[in-house]
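Here's the structure we're looking at; comments come further down.
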Amino acid sequence: MKNKKIALVGNPNSGKTTFFNALTGSNQYVGNWPGVTVEKKEGRLSYEGKEYDVVDLPGIYSLGAFSEDEVVAMDYILTDDAQVIINVLDASNIERNLYLTAQLLEMGKNIVVALNMVDEAEKRELKFDIKALSKALGVPVVATVAHKGSGRSEILKAALEKIENKPTYENPLTYNENVTHHIEHMEEILQGQDLPFPLHWTAIKIIEGDSHVLKQLKKSAIEKSVLEEIEDFLKFHSSDSFELEIVDSRYAFANRVAQKAVTRPTQEVVTLTDKIDRILINKYLGIPIFALIMLLVFQITFAIGEDLLGAAAASLVELLASFAGSFLPRLHSPDWLTSFIVNGAINGVGAVIEFVPLIAVMYLLLGFLEDSGYMARAAYVWDNLMRRFGLQGKAFISMIIGFGCNVPGIMSARTLDNRKDRMITTLITPFMSCGAKLPIYSVFIAAFFPSHGGLVLFSLYGLGIIVALVMAKIFNKTLFQGETSYFIMELPPYRVPTAKNVFMNMWNNVSGFVKKAGTVIFLVVTLMWVMAVLPTSAQPYGENSILGVLGGFLAPIFKLSGFGTWQESVALFAGIPAKEAVVGTLGMLYAGQYLEEGTVLVDAIRMHFTPLTGLSYMVMVLLYTPCVAVLGVVAKETKSLRWPIFLASYTFAIGWLASVFVFQVGTLLGFS
């Protein structure tokens, strides 16, 4: 028997995802909605001996067809897959949040309202009459504080009661006489038809001229004559403003409900959030403060993740390799198997795994900033500067997400309102330094810049942002001309981050990194190892091996960059399937080359690079062709192979030019 489903719907920053985490805990997984790249979050809830599936729909402001998020949410709600919908409202911004509630009520759906973040609203001296709010909406309402777990059992009880006893709802919205007349007329036209959506709601959407609904109706079993009547109606009323009138009716409904249920102070209350924002999102101080915060994040990341925990992880990998190297021969293990396990698996994959503490610390700190409410403000702070380069602040959200992984960063660009912004953001997000590149930077920093790790890392991330903005300006003037859309975003209140949310964010990212190391990176390093030891007539890990010949072919390309040897070239090639494989390949090659000396990776890096060529190599890694996962998602987002090919080509050219510039200018200035 299938579990009953509960769907969560709400505005961005309404606390909906925190609510989802509170309901499901760690019992959740992330995928994509069928046919699109919109993230799909599902989890399982156990309550009073029964299990329920919980679906966290994308955060949306309305149920229209303006973005892929809205289409996905609307289509899912219309399928009736969920037996009840919990509509999460931000109590501090109740009128705007009630607009989405009004649309859900128009659909006639079985909903329960969670009036969330009432603690923040109370700081603004807002008081709520929950009974009056419930009566005005005609649905149950429960006051909640999701991050504290307050109201969890009450909202669940209300939702589950609605599953068992599904009531019939009357649409509480009223429209003006003209709109009402046309809605009733459209209902008469549609009467008796095999509609894919509820009759009353379908009539409203036709009057609104909703393109997505009209497209779905054309694909349905509606009679051709009825479709012609609809088209004639829309042509005749093409100059009318029915859509605006319906929107006004929804906002008027939201205001009436709020007036009945909310008591406001006579004067606006200045909260701690308001006072902090005067400094952190100041027109002149906002970006410098953001830079300082990120510099601090990187300094702490290296101080704890690399110097303290990273050294222990590296020692563990080295100890494991030494043990395997001495133990396997005692079992009469074939030389090739010993070589594979020690040089390929342990020194290859282990070279990546030993940076897990570093990545864990970084994601822990970024999770702390996100849960505190600061990261949402970063987009607002950058909006003015982004506009000078032809984008808007919401594009910076994609770039921030790209710091973790470029794939969800590019996927998040779907929320941008026009194609120009979406395409430019998609093409520049790969310049954001993802977590997969962190192990590469770390080994070079440990080799040449151990005392300035945080500063070097900060500089690399900053360079990625600068290059991205420059390319955005170029694309804005050439490939994608047009106006930039407006930036509207609700800033959440500052709050003390919860350990559960912060550690869950860290765990999701680190576990994904480890899984990748055990699958994709392992396969890449294995392939590289096989190519490094074949043919048997060649010296293993030598330039006459298959891998050495491939590297010899690639090496001249990077001669002007200062690292034109076959090992470094092959490692960059291995980084296209997965960036972590750059370190894995170098670890495997150097382990095989210096097996007798027992040289560790950092020492081998010092033998093959100088500080200048190491810096040039890091710049190349930062900017060159993204991994195949990124290219794949670009193909899906753009529905074309042309753009991923263009992305792979132009980023490689930018990376090569930048690394050549670093090496050649550094050489002229006397650096080595």
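The values are calculated or read from the model by the stated rules, or taken from the named source; none is laboratory data. A quick note: this is a predicted structure, and the numbers were derived from the prediction, not measured. As a convention, Cβ positions derive from the backbone with ideal geometry for all residues, glycine included, and neighbour counts pool all protein chains shown. Calculation scope for accessible area: heavy atoms of the full protein, side chains included, ligands and nucleic acids excluded. Shrake-Rupley method; radii C 1.70, N 1.55, O 1.52, S 1.80 Å.
Among the residues of region 395-424, which ones are under 19 Å from I60 (Cβ atoms), part of a helix (DSSP H, G or I) and either in contact (Cβ under 8 Å) with a residue 40 or more places away in the chain or not hydroxyl-bearing (S, T, Y) (or both)? Correct list: A395, I397, I401, P408, M411, A413, R414, T415, D421, R422. Taken together, the criteria exclude G138 from residues that are at pLDDT below 85 and closer than 16 Å to L89 by Cα. Checking the condition of a type outside the set (F, W, Y) and out of contact with any Asp or Glu (no Cβ under 8 Å at 6 or more places or on another chain), which residue from R377, R387, R414 passes? Among R377, R387, R414, only R387 is of a type outside the set (F, W, Y) and out of contact with any Asp or Glu (no Cβ under 8 Å at 6 or more places or on another chain).
Being part of a strand (DSSP E or B) and either modelled with pLDDT of 80 or more or open to solvent by 50 Å² or more (accessible area, probe 1.4 Å) (or both) is the requirement here; does L23 meet it? Considered against the rule, which asks whether it is part of a strand (DSSP E or B) and either modelled with pLDDT of 80 or more or open to solvent by 50 Å² or more (accessible area, probe 1.4 Å) (or both), L23 comes out as no.
Identify the residue in region 191-206 that is of a type in the set (A, V, I, L, M, F, W, C) and within 9 Å of L217 (Cβ to Cβ) and, among all such residues, is least open to solvent (accessible area, probe 1.4 Å). It comes out as I206. Condition first: touching a residue at least 60 places away in the same chain (Cβ under 8 Å), open to solvent by less than 20 Å² (accessible area, probe 1.4 Å) and among the polar types (S, T, N, Q). Can you find one or more residues in region 166-173 that meet it? No, region 166-173 contains no residue that is touching a residue at least 60 places away in the same chain (Cβ under 8 Å), open to solvent by less than 20 Å² (accessible area, probe 1.4 Å) and among the polar types (S, T, N, Q).
Listed by first and then second residue, the pairs linking a residue in region 197-224 that is under 20 Å from E170 (Cα atoms) to a residue that is basic (K, R), with Cβ atoms under 8 Å apart and 6 or more places separating them unless they lie on different chains, are F197/K205. On inspection, V502 does not qualify as within 30 Å of M117 (Cβ to Cβ) and open to solvent by 50 Å² or more (accessible area, probe 1.4 Å). Residues that are at pLDDT below 90 number at least 1 in the following helices (runs of 4 or more DSSP H) confined to region 562-626: 566-574, 581-593, 601-608.
If you check D119, D80, D90, D75, which single one turns out to be on the phi > 0 side of the Ramachandran plot and not aromatic (F, W, Y)? Only one candidate passes the filter, namely D80. Of all residues in region 1-20, those satisfying the criterion of being open to solvent by less than 40 Å² (accessible area, probe 1.4 Å) and either assigned to a helix (DSSP H, G or I) or over 18 Å from P492 (Cβ atoms) (or both) are K5, I6, A7, K16, T18, F19, F20. The single condition among (1) out of contact with any Asp or Glu (no Cβ under 7 Å at 6 or more places or on another chain); (2) without any contact (Cβ under 8 Å) to a residue 24 or more places away in the chain that W566 does not meet is (1). Report whether or not V628 is under 20 Å from the mean Cα position of the chain (by Cα) and of a type in the set (A, V, I, L, M). So V628 fits the description; yes. Among the residues of region 663-672, is there at least one that is among the aromatic types (F, W, Y), over 20 Å from the mean Cα position of the chain (by Cα) and open to solvent by 50 Å² or more (accessible area, probe 1.4 Å)? Yes, there is a match, as at least one residue in region 663-672 is among the aromatic types (F, W, Y), over 20 Å from the mean Cα position of the chain (by Cα) and open to solvent by 50 Å² or more (accessible area, probe 1.4 Å).
From the list S412, S459, the lone residue that is under 21 Å from F661 (Cβ atoms) and polar (S, T, N, Q) is S459. R250: touching a Leu at 6+ places or on another chain (Cβ under 7 Å) and either surrounded by 13 or more Cβ atoms within 10 Å (Cβ to Cβ) or at pLDDT 85 or above (or both), yes or no? It is true that R250 is touching a Leu at 6+ places or on another chain (Cβ under 7 Å) and either surrounded by 13 or more Cβ atoms within 10 Å (Cβ to Cβ) or at pLDDT 85 or above (or both). For region 630-662, a residue qualifies if it is surrounded by 18 or more Cβ atoms within 10 Å (Cβ to Cβ) and small (G, A, S), and the qualifying residues are A648, G655, A658, S659. Within region 309-321, identify whether any single residue is at pLDDT below 80, on the phi > 0 side of the Ramachandran plot and open to solvent by 30 Å² or more (accessible area, probe 1.4 Å), and answer yes or no. Within region 309-321, not a single residue is at pLDDT below 80, on the phi > 0 side of the Ramachandran plot and open to solvent by 30 Å² or more (accessible area, probe 1.4 Å). Region 59-148 holds helices (runs of 4 or more DSSP H) entirely within its bounds, and those carrying 2 or more residues that are touching a helix residue (DSSP H, G or I) at 6+ places or on another chain (Cβ under 8 Å), within 26 Å of T271 (Cβ to Cβ) and open to solvent by 10 Å² or more (accessible area, probe 1.4 Å) map to 94-107, 118-123, 130-137. Figure legend. Inter-residue proximity from region 618-634: first residues closer than 16 Å to L572 by Cβ and β-branched (V, I, T), second residues outside any helix (DSSP H, G or I) and open to solvent by 10 Å² or more (accessible area, probe 1.4 Å), beta-carbon distance below 7 Å, spacing 6+ or different chains. Indicated pairs: T625/I576; V628/I576; V628/P577.
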